[in-house]
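Encoded as structure tokens, the structure appears first; notes follow it.
The values are calculated or read from the model by the stated rules, or taken from the named source; none is laboratory data. Because the structure is a prediction, the values reported are computed rather than measured. Cβ coordinates were reconstructed from backbone atoms using ideal geometry, including for glycine residues, and neighbour counts include every protein chain displayed. Surface areas here come from the heavy atoms of the whole protein model, side chains and all, with no ligands, DNA or RNA. Shrake-Rupley method; radii C 1.70, N 1.55, O 1.52, S 1.80 Å.
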Amino acid sequence: MTDEQVPMAATPTPDTERRWWADGELAVAGIVDRMTDEELAGDSALPGWSRAHVVAHLARNADALGNLLAWARTGVETPMYPSRAVRDADIETTAARPAAELRADYVAACGRLAQAIETMPVEAWTAEVRNGQGATVPASAVPWMRAKEMWVHGTDLRAGLSFADLDAGFCAALVDEVLSLFAARDQAPDVTVVATDVDRTWGSGGTRVDGPVTAVAAWLTRSDASGLAGDVPPPPAWL
């Protein structure tokens, strides 16, 4: 990502979220393009999923977020997916395609989403839609939703991108969101989380968890505590 950082305590601006999305698309597109067919068929960091499954998920997620933007533009309710079962089946079908077809599908889906974002009427960004968890959000949340998918699943490809490579501002915003989600579920871990590189602290629990904000984000979203100090407890499930 770029060297520019947002203030760690600030709410990211729409322009910042769109930059994170655009940078994520470029980074993951480069990874997908560089992988050989054999590497694409290899295991990802997600249990039971190959790298092809991750790429397939990102392609179908692009179309799903495009559905939300269509909903916002037209007022016609268009959920991300008809159902969880349909979502899962579409990922399996896409992942099973020959490598060249999968890459072409991925590029086309990302292109459709980019066009939808770039041509979105200004007034439509405030329209309310529902995310994959059923929560009502403004359409303006879509670039942030996509940025999360790109950067987190980009690390799941195990093809050269790690959390340590991610923008600190992005990771701080991700930590904000994940911990807020845990709190809303009454699952907040009993910890004090200290991001030592960006002067941010979350919570007030008895156990201290500290390290770079990129490592905090990896722990909360992927249960990877390798970059943190001390006896770090496992976090609740993020999604």
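From the set of residues in the stretch 59-99 that are in a helix (DSSP H, G or I) and among the charged types (D, E, K, R), which is most open to solvent (accessible area, probe 1.4 Å)?
Ranking the candidates gives R84 first.
Among the residues of the stretch 133-140, are any crowded, with 18+ Cβ neighbours inside 10 Å, without any contact (Cβ under 8 Å) to a residue 60 or more places away in the chain, of a type in the set (V, I, T) and within 30 Å of D224 (Cα to Cα)?
The answer is no; no qualifying residue exists.
In the stretch 17-26, is there at least one residue being within 19 Å of P143 (Cβ to Cβ) and open to solvent by 50 Å² or more (accessible area, probe 1.4 Å)?
Yes: the stretch 17-26 contains one or more residues that are within 19 Å of P143 (Cβ to Cβ) and open to solvent by 50 Å² or more (accessible area, probe 1.4 Å).
Go through (1) buried (at least 18 other Cβ atoms within 10 Å of the Cβ); (2) modelled with pLDDT of 95 or more; (3) farther than 19 Å from L113 by Cβ and name the single condition V6 misses.
Exception for V6: condition (2).
If you take the residues in the stretch 109-124 that are closer than 11 Å to D63 by Cα and in contact (Cβ under 8 Å) with a residue 40 or more places away in the chain, which one is most open to solvent (accessible area, probe 1.4 Å)?
Applying the filter and picking the extreme gives R112.
In the stretch 154-173, which residues are buried (at least 21 other Cβ atoms within 10 Å of the Cβ) and in a helix (DSSP H, G or I)?
G154, T155, F163, G169, F170, C171, A172, A173
Before we move on, is R208 in contact with a Phe, Trp or Tyr (Cβ under 6 Å, 6 or more places away or on another chain) and of a type in the set (K, R)?
So R208 fails the test.
Condition first: modelled with pLDDT of 95 or more, acidic (D, E) and in contact with a Ser or Thr (Cβ under 8 Å, 6 or more places away or on another chain). Can you find one or more residues in the stretch 144-164 that meet it?
Checking the stretch 144-164: at least one residue is modelled with pLDDT of 95 or more, acidic (D, E) and in contact with a Ser or Thr (Cβ under 8 Å, 6 or more places away or on another chain).
Only one of V76, V86, V28 is in contact (Cβ under 8 Å) with a residue 24 or more places away in the chain and out of contact with any Cys (no Cβ under 8 Å at 6 or more places or on another chain); which?
V28
Please determine, by comparing only the residues of the stretch 186-201 that are within 12 Å of P235 (Cβ to Cβ) and not polar (S, T, N, Q), which one is surrounded by the fewest Cβ atoms within 10 Å (Cβ to Cβ).
So the residue we want is D190.
If you scan the stretch 202-222, which residues turn out to be open to solvent by 10 Å² or more (accessible area, probe 1.4 Å), at pLDDT below 95 and either touching a His at 6+ places or on another chain (Cβ under 7 Å) or not charged (D, E, K, R) (or both)?
G203, S204, G205, G206, T207
Out of (1) buried (at least 21 other Cβ atoms within 10 Å of the Cβ); (2) out of contact with any Gly (no Cβ under 8 Å at 6 or more places or on another chain); (3) in a helix (DSSP H, G or I); (4) not polar (S, T, N, Q), what's the single condition that is false for W151?
Checking W151 against (1) buried (at least 21 other Cβ atoms within 10 Å of the Cβ); (2) out of contact with any Gly (no Cβ under 8 Å at 6 or more places or on another chain); (3) in a helix (DSSP H, G or I); (4) not polar (S, T, N, Q), the one that fails is (2).
Select from the stretch 29-58 the residues that are in a helix (DSSP H, G or I), more than 14 Å from W151 (Cα to Cα) and in contact with an Asp or Glu (Cβ under 9 Å, 6 or more places away or on another chain) and list them in ascending order.
R51, H53, A56
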